[in-house]
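*Asks:* Encoded as structure tokens, here's the structure I'll be asking about.
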Amino acid sequence: MTTAMTTSSLPSGPAQGHHSSERRGILFIISAPSGTGKTTLCKQIAASVSGLWHSVSYTTRKPRLGEESGREYFFIEEKAFQDMVARNEFMEYAHVYGNWYGTPRKALMDKMEQGIDVLLEIDVQGALQIKKKFEDAVYIFILPPSMDTLRTRLQCRASDSQEEILRRLQKVKEEVWSFREYYYIVRNDDLAQSLRELQSIFLAERLKTKRLDMNWLEQNFILDKDTKQTDRETSTTKTAGSAGHHD
């Protein structure tokens, strides 16, 4: 059986130099309809790709069974959320399914400035807000195998009423129309296969020419080290000879 790639299978590559500030981190945006398996995939991609930080958003919704604040989301009251909005602490925020969701600005920007890649798991509305500011980010849309499969998953989850499920399914039809705004589409029919496809996207993006550290390239392949060494030796000889003449 073919297994997904591990961390060691996904090296940083020359595009990352040696991490830190040699290059700016890449922002990876993943969106998907509710019930698609996005959260599971994002957790697995964050665990299997080195040099990747999984950003945690804030929300006013109540945690579901098994969720922990600071892991899936930071769960806060609406008053606290609106205070953060007033202080301009969110890169984007949106009202979805009756609750507020927001992406913290400072932590995300700090990581990218340090040369660390960031994974951001947000809805279509939030992704389109961010796209106005970060055209260079990598936008990935995850699709369910089919609407019937999605309906079954939502019903089996048993966390929403029938009315809520119908509302979410209608929302899916609206969100899917935004697929053209994304650079990659992954259909989550098989979790292991979907993870491999996501890992391939992350690795390929890191190896793009436009993300290469040009200083690293020049120092290692373009600048003639032998010529520079010869120039230095010639300069040293001339200096020594000049000094001897004055004596």
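Residues are listed down the side, and each one gets a yes or a no for (1) within 22 Å of ALA46 (Cβ to Cβ); (2) modelled with pLDDT of 70 or more; (3) of a type in the set (Val, Ile, Thr):
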residue: GLN170; (1), (2), (3): no, yes, no
residue: GLU181; (1), (2), (3): no, yes, no
residue: THR209; (1), (2), (3): no, yes, yes
residue: ASP213; (1), (2), (3): no, yes, no
residue: ALA240; (1), (2), (3): no, no, no
residue: HIS245; (1), (2), (3): no, no, no
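*Asks:* For the subset of segment 135-168 comprising residues that are of a type in the set (A, V, I, L, M, F, W, C) and more than 20 Å from VAL186 (Cβ to Cβ), which member is surrounded by the most Cβ atoms within 10 Å (Cβ to Cβ)?
*Replies:* Selected residue: ILE165.
*Asks:* Consider ASP117 carefully, then state whether it is over 15 Å from the mean Cα position of the chain (by Cα) and not small (Gly, Ala, Ser).
*Replies:* no
*Asks:* Determine if segment 47-57 includes at least one residue that is at pLDDT 95 or above, touching an Asp or Glu at 6+ places or on another chain (Cβ under 7 Å) and not hydrophobic (A, V, I, L, M, F, W, C).
*Replies:* No: segment 47-57 contains no residue that is at pLDDT 95 or above, touching an Asp or Glu at 6+ places or on another chain (Cβ under 7 Å) and not hydrophobic (A, V, I, L, M, F, W, C).
*Asks:* Failed condition for LEU65, given (1) out of contact with any His (no Cβ under 7 Å at 6 or more places or on another chain); (2) at pLDDT 95 or above, with all others met?
*Replies:* Looking at each condition in turn, LEU65 falls short on (2).
*Asks:* Tell me which of these LEU195 doesn't satisfy, since it passes every other one: (1) out of contact with any strand residue (DSSP E or B) (no Cβ under 8 Å at 6 or more places or on another chain); (2) within 16 Å of LYS38 (Cα to Cα); (3) surrounded by fewer than 18 Cβ atoms within 10 Å (Cβ to Cβ).
*Replies:* All conditions pass for LEU195, except number (3).
*Asks:* In addition: Test each condition in (1) at pLDDT 85 or above; (2) hydrophobic (A, V, I, L, M, F, W, C); (3) over 19 Å from THR40 (Cβ atoms); (4) in contact with a Leu (Cβ under 8 Å, 6 or more places away or on another chain) for ALA204 and report the one that comes out false.
*Replies:* Among (1) at pLDDT 85 or above; (2) hydrophobic (A, V, I, L, M, F, W, C); (3) over 19 Å from THR40 (Cβ atoms); (4) in contact with a Leu (Cβ under 8 Å, 6 or more places away or on another chain), the lone unmet condition for ALA204 is (4).
Every residue, every condition in (1) touching a residue at least 12 places away in the same chain (Cβ under 8 Å); (2) of a type outside the set (D, E, K, R); (3) assigned by TED's automatic domain parsing to the domain that holds SER57; (4) not in a helix (DSSP H, G or I), yes or no:
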{"position": "TYR139", "(1), (2), (3), (4)": "yes, yes, yes, yes"}
{"position": "LEU150", "(1), (2), (3), (4)": "yes, yes, yes, no"}
{"position": "GLU163", "(1), (2), (3), (4)": "no, no, yes, no"}
{"position": "VAL172", "(1), (2), (3), (4)": "yes, yes, yes, no"}
{"position": "ALA192", "(1), (2), (3), (4)": "yes, yes, yes, no"}
{"position": "ARG196", "(1), (2), (3), (4)": "yes, no, yes, no"}
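*Asks:* Residues of segment 38-57 being in contact with a strand residue (DSSP E or B) (Cβ under 7 Å, 6 or more places away or on another chain) and among the basic types (Lys, Arg), which ones?
*Replies:* LYS38
*Asks:* Please give the number of the condition LEU143 fails out of (1) touching a Lys or Arg at 6+ places or on another chain (Cβ under 7 Å); (2) farther than 24 Å from GLU175 by Cα.
*Replies:* Exception for LEU143: condition (2).
*Asks:* What number goes with the only condition from (1) free of Cβ contacts under 8 Å to residues at least 24 places away in the same chain; (2) in a strand (DSSP E or B); (3) surrounded by 15 or more Cβ atoms within 10 Å (Cβ to Cβ) that THR103 does not pass?
*Replies:* (1)
*Asks:* Of all residues in segment 120-137, which are under 14 Å from the mean Cα position of the chain (by Cα) and not in a helix (DSSP H, G or I)?
*Replies:* LEU120, GLU121, ILE122, ASP123, PHE134, GLU135, ASP136, ALA137
*Asks:* To continue, here is another question. Do we find that ARG180 is basic (Lys, Arg) and free of Cβ contacts under 8 Å to residues at least 24 places away in the same chain in this structure?
*Replies:* Yes; evaluated as a whole, the condition is true for this residue.
*Asks:* Scanning segment 52-83 for residues that are outside any loop (DSSP other than H, G, I, E, B) and among the polar types (S, T, N, Q), which turns out nearest to ILE122 (Cα to Cα)?
*Replies:* THR59
*Asks:* Related question: For segment 83-102, how many residues are modelled with pLDDT of 95 or more and acidic (Asp, Glu)?
*Replies:* Residues that pass the stated criteria total 2.
*Asks:* Kindly provide the set of residues from segment 58-74 that are in contact with a strand residue (DSSP E or B) (Cβ under 9 Å, 6 or more places away or on another chain) and basic (Lys, Arg), ordered by number.
*Replies:* Of everything in segment 58-74, those that are in contact with a strand residue (DSSP E or B) (Cβ under 9 Å, 6 or more places away or on another chain) and basic (Lys, Arg) turn out to be ARG61, LYS62.
The values are calculated or read from the model by the stated rules, or taken from the named source; none is laboratory data. All values derive from a computational prediction rather than experimental measurement. We place every Cβ from the backbone using ideal geometry, glycine too, and count neighbours over all the protein chains shown.
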